[in-house]
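What follows is one structure encoded as structure tokens, with my remarks underneath.
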Amino acid sequence: MLSEKNKNHKNRYPTGFISFHQAMIDRIRPLIIYIIDNDFPTLGICFGHQMLGYFFGAQVLDDPEQAEFGSFPVSLSGDGRRDPLFRDVPDDFISFLMYRDSVVSLPEKCVLLAHSSRCGIGSFRYKNNIYGVQFHPELEKDEVCFRVTLHPEYAGESLETFLETLQPSDHASKILANFLRKSLC
């Protein structure tokens, strides 16, 4: 289901996200085609979510209105509540988000699984095994603190305030276990 408009996109890059990542897109195209054709178990996290969205035909934009940096509530859709990726995850949970680029429309044939207050496409599934999540289920609070010390621009005006307001992400790590369970069984 590689989007027709993205199969042969040479010299048709919009400004922003795609033009910035042009070389990477060209290098990973064969891998993405393999993943899509074979419904290969894939969990695209943050940039991976954006790349999957792009390859499925969605618009991906540098969108300061949707940008989120820190710990935020993520809400499951009805389909998300029933999806094995979110088994034993509450309908609303805290996760870490650190992004400016956003998938701004649900890719065709994808199912919306989650969103946040600013990000309408927080998670989606294509076929049975290909997932994208805008948030970071792989990160713990201490890892976010470390990343922010390397990139203080994510903290906004005050690094201290940013670090003080981070909340633990007690349920997001279940998503990784669920993905592995689903993929290996």
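Taking the condition in contact with a Pro (Cβ under 7 Å, 6 or more places away or on another chain) and without any contact (Cβ under 8 Å) to a residue 24 or more places away in the chain, does ASP37 pass? Outline the logic, then answer.
Values: in contact with a Pro (Cβ under 7 Å, 6 or more places away or on another chain): no; without any contact (Cβ under 8 Å) to a residue 24 or more places away in the chain: yes.
Against the criterion (in contact with a Pro (Cβ under 7 Å, 6 or more places away or on another chain) and without any contact (Cβ under 8 Å) to a residue 24 or more places away in the chain), ASP37 does not qualify.
Would the range 141-154 turn up any residue that is more than 16 Å from ILE45 (Cα to Cα), at pLDDT 90 or above and surrounded by 14 or more Cβ atoms within 10 Å (Cβ to Cβ)?
no
Keeping to the range 58-81, report how many residues are farther than 17 Å from SER173 by Cα and either modelled with pLDDT of 90 or more or among the hydrophobic types (A, V, I, L, M, F, W, C) (or both). Break it down into steps so the answer makes sense when it comes.
Narrowing the range 58-81 to residues farther than 17 Å from SER173 by Cα: 58-69, 77-79.
This time we only want the ones that are either modelled with pLDDT of 90 or more or among the hydrophobic types (A, V, I, L, M, F, W, C) (or both), so: 58, 60-61, 67, 69, 77-79.
Going through the range 58-81 one residue at a time, the tally reaches 8.
Can you list the helices (runs of 4 or more DSSP H) found entirely within the range 117-185 that contain at least 2 residues being of a type in the set (Asp, Glu)?
The qualifying helices (runs of 4 or more DSSP H) are 141-150, 159-165.
The values are calculated or read from the model by the stated rules, or taken from the named source; none is laboratory data. None of these values were measured; they are calculated from a predicted model. Reconstructed Cβ throughout: ideal geometry from the backbone, glycine too, with neighbour counts over all protein chains shown.
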